[in-house]
1. Taking Asn22 as the residue in question, decide whether it is within 19 Å of the chain's Cα centre (by Cα) and at negative phi.
2. Restricting the search to segment 140-194, which residues are aliphatic (A, V, I, L, M) and over 30 Å from Ala4 (Cβ atoms)?
3. Collect the residues in segment 203-240 that are within 16 Å of ligand 1 (Cβ to nearest atom) and open to solvent by 40 Å² or more (accessible area, probe 1.4 Å), keeping them in residue-number order.
4. Just give me the residues in segment 49-76 being among the small types (Gly, Ala, Ser) and out of contact with any strand residue (DSSP E or B) (no Cβ under 6 Å at 6 or more places or on another chain), in sequence order.
5. Phe12 - would you say it is out of contact with any His (no Cβ under 7 Å at 6 or more places or on another chain), within 13 Å of ligand 1 (Cβ to nearest atom) and either of a type in the set (Phe, Trp, Tyr) or not assigned by TED's automatic domain parsing to the domain that holds Val197 (or both)?
6. Is it the case that Lys149 is open to solvent by less than 50 Å² (accessible area, probe 1.4 Å) and either within 16 Å of ligand 2 (Cβ to nearest atom) or over 26 Å from Asn62 (Cα atoms) (or both)?
7. Restricting the search to segment 34-44, which residues are hydrophobic (A, V, I, L, M, F, W, C) and either more than 16 Å from the chain's Cα centre (by Cα) or more than 8 Å from ligand 1 (Cβ to nearest atom) (or both)?
8. Ala39 passes all but one of (1) assigned by TED's automatic domain parsing to the domain that holds Val235; (2) touching a residue at least 60 places away in the same chain (Cβ under 8 Å); (3) away from ligand 2 (no atom under 13 Å from the Cβ); which number fails?
Amino acid sequence: MILAVEDLCVSFDGFKALDNLNFYVEEHELHVVIGPNGAGKTTLLDAICGKTRPDTGKILFNGRNLERMLEYQITRAGVGRKFQTPMVYEDLTVFENLEISSPKPRGVVGCLCFRRDSAFDEAIGEIARTVFLDSHFERKAGQLSHGQKQWLEIGMLLMQEPELLLLDEPVAGMSAKEREQTADLLREIARGRSVVVIEHDMEFVKAVAHKVTVLHQGKMLAEGKIEKVQQDPRVIEVYLGH
Ligand code: ADP
Ligand code: MG
């Protein structure tokens, strides 16, 4: 197990956004979180990545307690977080966006060291291929489609070599073709990492999920394989039926 969230409570002005939640992620698992608006899905990711402090509960990642760490420390520990709207540098090229996302310092010394430099460029090329942007290296990020920006941001996260990737609605606003490609991308990513994805598109969820957790009012309503969760009468009532 790579992540264990136990008895997690997060409240905003007395309102319990997460209410004694338990949530577990296995190594190399692609774990999808679904549930109605306001269920606490984004809050769960915010708590894991250190953006929001939990009131009580534990968040164990690779045996370390994240709930005491700051956001940048959690990133360094190996957790990458993608927010709902793509955050890329519009005036920089695809290559430059990936380059500046590397955690390794690349100052004057780095530039003098050619061998390491070419390996670094190869690593960028590999990630650009993975996120379908290798033929767009020199384009400014601002010229990319919405879907391509989402992919670029995923590529920027991959530059940090996270062990756990948290993605909030990555296919929202994508075309059908882009959604299919993103499903392939997430399957590829999960071969070497754990991924938690929040998503509403059930076709997409079916295509990628190893395991699904349904959140409702800050609590876990159902959990398991998508086929099982889809048939759960409580899930149909609060979410799928609408
Ligand atoms: P979801 O992502 O499942 O749609 P959220 O986690 O964004 O839900 O929100 C869960 C609940 O917590 C909602 O009722 C939302 O209004 C509330 N909430 C989330 N963030 C904040 C905040 N920063 N301040 C106050 N209330 C918040
Ligand atoms: Mg949300």
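1. For Asn22, the condition - within 19 Å of the chain's Cα centre (by Cα) and at negative phi - is met.
2. In the first step, residues of segment 140-194 are kept if they are aliphatic (A, V, I, L, M); the result is 141, 144, 152, 154, 156-159, 164-167, 171-172, 174, 176, 183, 185-186, 189-190.
Ala141, Leu144, Leu152, Met174, Ala176 - these are the residues of segment 140-194 that are aliphatic (A, V, I, L, M) and over 30 Å from Ala4 (Cβ atoms).
3. His216, Gln217, Lys219, Met220, Glu223, Leu240
4. Gly50, Gly63
5. Judged against the criteria, Phe12 is a match.
6. Judged against the criteria, Lys149 is a match.
7. Listed by number, the residues that qualify are Ile34, Ala39.
8. Unmet for Ala39, out of (1) assigned by TED's automatic domain parsing to the domain that holds Val235; (2) touching a residue at least 60 places away in the same chain (Cβ under 8 Å); (3) away from ligand 2 (no atom under 13 Å from the Cβ): (3).
The values are calculated or read from the model by the stated rules, or taken from the named source; none is laboratory data. None of these values were measured; they are calculated from a predicted model. Backbone-built Cβ (ideal geometry, glycine too); neighbour counts: all protein chains shown. The accessibility values were calculated without ligands, DNA or RNA, using every heavy atom of the protein model including side chains. Shrake-Rupley method; radii C 1.70, N 1.55, O 1.52, S 1.80 Å.
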